[in-house]
Amino acid sequence: MLGSGFSNTPVSKFVFFSLITTSILAGITDSKHYFYIEIVPHLYPYQQVWRLLTWQLAYTSSTSLLTASITLYHLRLIERLWGSRKFASYLSFIYLITSLLPPLLLVTLLRPLSFKTINYLPSGPTAIAFALLAQYHAAIPHVYRYKLETGIGGSRTTTTTTTTNGDDPAGIIFSDKSMTYLLAGQLALSQLPGSLVAAAVGWIAGLAWRYEILLPRRLVEWRVPGWVVGEKSPMRGQGASVRAGGIEQLMRRLDERGVQGLSSGRDEVENEARRRI
């Protein structure tokens, strides 16, 4: 999992460069206004329902684009852990869920409770990034920790192990994962309150998928076809013969090992009998 760059992560590479490309094109073509959502007038009365499927495709803010790109680059470890097919399946599910839930939450709950002041949902895959961050938090362990010590004479940074003694001075403990969390936090707070709503929905959706909360097991176990991520499968006519050939080879190896084991066991018994004589 510690490979450099996007090695063995084709889906993460595609998402990373697609996000940058669409965001730059949106700025060059002066089409940023097609990506964010305003409940009024976009969804009502204009009924621009297509925005529900496009608001996560690009960022309209260069700062958010930079922060999200670095965050997604760190989260590529999830693909190395799961494999490209499971990772692509998870992204497909999360994209559909997070495309619908934040706007629905704004329409039905937040906008009425805020007396129609919360009306804006910023563009960008912030919800998807936080859904990946939930898996990153649960599955990827930290490699090292370090403490930022605070005292009367100032502050200094020292590297510590995972366990700390009671005599250590007070301070704040960070890990190699802290930078990823800080970047994600900045992304969630970049365009309040809409960005925070998207981040919360993404985090909850990621945990719900991981622990199968309110989700059918078949939906969690669903996978995209192998050809989507470049996996090759044997031809239909050759599939049965390939499997049969593999089973036959395995049985032959087991038989050979069994015969060798019996002969070696017989030799050991004969040698032991000779020693006793």
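The values are calculated or read from the model by the stated rules, or taken from the named source; none is laboratory data. Keep in mind it's a predicted model, so treat the numbers as computed, not measured. Heads up, the Cβs are rebuilt from the backbone with ideal geometry, glycines too, and the neighbour counts pull from every protein chain shown. For accessibility, only protein heavy atoms count, side chains too; no ligands or nucleic acids. Shrake-Rupley method; radii C 1.70, N 1.55, O 1.52, S 1.80 Å.
Structure notes:
- Some residue of the stretch 135-144 being more than 19 Å from the chain's Cα centre (by Cα) and surrounded by fewer than 21 Cβ atoms within 10 Å (Cβ to Cβ): yes
- Output for the stretch 205-214, where each listed residue is open to solvent by 40 Å² or more (accessible area, probe 1.4 Å), without any contact (Cβ under 8 Å) to a residue 40 or more places away in the chain and either within 10 Å of Ala134 (Cα to Cα) or of a type in the set (A, V, I, L, M) (or both): Ile213, Leu214
- Against the list (1) surrounded by 15 or more Cβ atoms within 10 Å (Cβ to Cβ); (2) touching a helix residue (DSSP H, G or I) at 6+ places or on another chain (Cβ under 6 Å); (3) farther than 22 Å from Leu104 by Cβ, the condition Lys13 fails is (2).
- Test: Ile70 is open to solvent by less than 10 Å² (accessible area, probe 1.4 Å), among the aliphatic types (A, V, I, L, M) and closer than 30 Å to Gly226 by Cα: no
- Inter-residue pairs, beta-carbon under 8 Å, first farther than 10 Å from Pro103 by Cα and in the stretch 36-58, second open to solvent by less than 40 Å² (accessible area, probe 1.4 Å) and among the basic types (Lys, Arg), 6+ apart: His42/Arg51
- Scanning the stretch 115-136 for residues that are of a type in the set (Ser, Thr, Tyr) and in contact with a Leu (Cβ under 8 Å, 6 or more places away or on another chain), we see that the one that is nearest to Leu43 (Cα to Cα) is Ser123.
- For the stretch 101-149, a residue qualifies if it is under 15 Å from Glu79 (Cα atoms), of a type in the set (S, T, N, Q) and at pLDDT below 95, but none of them does.
- Verdict on Leu81 being surrounded by fewer than 18 Cβ atoms within 10 Å (Cβ to Cβ), in contact (Cβ under 8 Å) with a residue 60 or more places away in the chain and more than 11 Å from the chain's Cα centre (by Cα): no
- The criterion of being under 19 Å from the mean Cα position of the chain (by Cα), modelled with pLDDT of 95 or more and over 14 Å from Ala199 (Cα atoms) holds for Leu91.
- Taken together, the criteria exclude Arg223 from residues that are touching a helix residue (DSSP H, G or I) at 6+ places or on another chain (Cβ under 9 Å), open to solvent by 60 Å² or more (accessible area, probe 1.4 Å) and under 16 Å from Leu132 (Cβ atoms).
- Where Trp55 falls short, out of the listed (1) under 15 Å from Phe16 (Cα atoms); (2) crowded, with 20+ Cβ neighbours inside 10 Å; (3) over 11 Å from the mean Cα position of the chain (by Cα): (1)
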